[in-house]
Amino acid sequence: MAETVQQREIDERDVAAAVESLKSGTFRERFLPTDRNAKNPKWTAGDGQPIDEFVRGQMTAFKEEVTAVSPQQFRGGAFEKLESNVWVTVGHSHLNDPVVIVPQERLHLYGPDRNNTKDWKLYYRFAWTDEGPNAIIFPSNDEIIQQGKLGCNSYAYSGQSSHALVGAGMYFRPNYGDTRLSIRPLVQWMTTASLTGSDPAAAAATASLGIYVESWDQNGGGYFVDRDHWITVWSHNSSGYLSNATDSGTASPSDGLAVDLLAVAHRKYSIFVYAWLETTVGPQQNRNELRFATIDIDATVPYVVVEEQRL
């Protein structure tokens, strides 16, 4: 019978270390450069409303229409709407579907800490967000930890780029010495994007989901990035016009959202599951009010499975 490895408990020092490490250049290397962004234009809709508020209002109204269709009435189908002479097709949203898992040997299950127990062996323990010059983070840290909510918006005008990132973190320590570790989250997501304006400058919007794993020695030294993996769930790059394009789905290991690694005894691991948005629009000389890109993501992480497998 394998002997359990005795190790120090995870505490607030570990939470602070994980959050601080995510602020480092290593993790931020993924972000689009924004140091040469053009200034925000004073572009308004026909009623005088700022264009980013106007487009976001359209997106919200369309998502509410989709949400109003209950899963019992809407399985295996599609929802379509004519918006600004563009047909928009929406797949069934899985955000409210029940989730059932099957226990396995050496399987650790993490989920939202709804009662705020701060039990690192069972629940999400920390949250971290990052936003570019044009971004909005929707949930609070408590909502991320206690409800598993991941939601944000990124937008850009001509000559600009931006990003938004939000994620939930948890901790793991090998129980029986060195082991092969399999990390398998489930993320339910829904995106809405618009590329508006009449000028044919290229614009792009991308939504990704990822897993980032770090480890430390017991004393807090020996920091190492073990894995940095993400998948793109929605992406569009075009010089054309796109209004309220909405998509949804469930990302799981079958979609590539999983990582395997060797976990070493007497090291502690932080696992960060995140949603990541990027927007960028090509520059136009003195005409940057004619092009705008924006994308939202509403996501939940109902659980993350971490399984120890014998070597």
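Bear in mind that the values in this text are calculations on the coordinates, not laboratory data. Worth saying up front: this structure is predicted, and the values here are computed from it rather than measured. Here Cβ is always computed from backbone atoms with ideal geometry, including for glycine, and neighbour counts include all displayed protein chains.
How big is D for segment 124-274, in µm² s⁻¹ as a whole number, if Stokes-Einstein is applied with the Kirkwood radius of its Cα pairs at 4 °C and 1.567 mPa s?
The calculation lands on 75 µm²/s.
Per 0.36 nm of contour for each residue apart, how much would the distance between residue 309 and residue 34 grow if the chain were fully extended, relative to their Cα-Cα spacing?
94.8 nm
I'd like the FRET efficiency for residue 122 and residue 178, computed as 1/(1 + (r/R0)^6) with the beta carbon distance as r and R0 of 22 Å, rounded to 0.05.
E(calc), rounded to 0.05, equals 0.40.
Given a Förster radius of 22 Å and the C-beta distance between residue 26 and residue 265 as r, what FRET efficiency does 1/(1 + (r/R0)^6) yield to the nearest 0.05?
Efficiency at R0 = 22 Å is approximately 0.35.
What is the dipole size for segment 201-311, taken about its Cα centre, with +1 at each Lys and Arg Cβ and -1 at each Asp and Glu Cβ, in debye to the nearest 20?
That gives a dipole near 200 debye.
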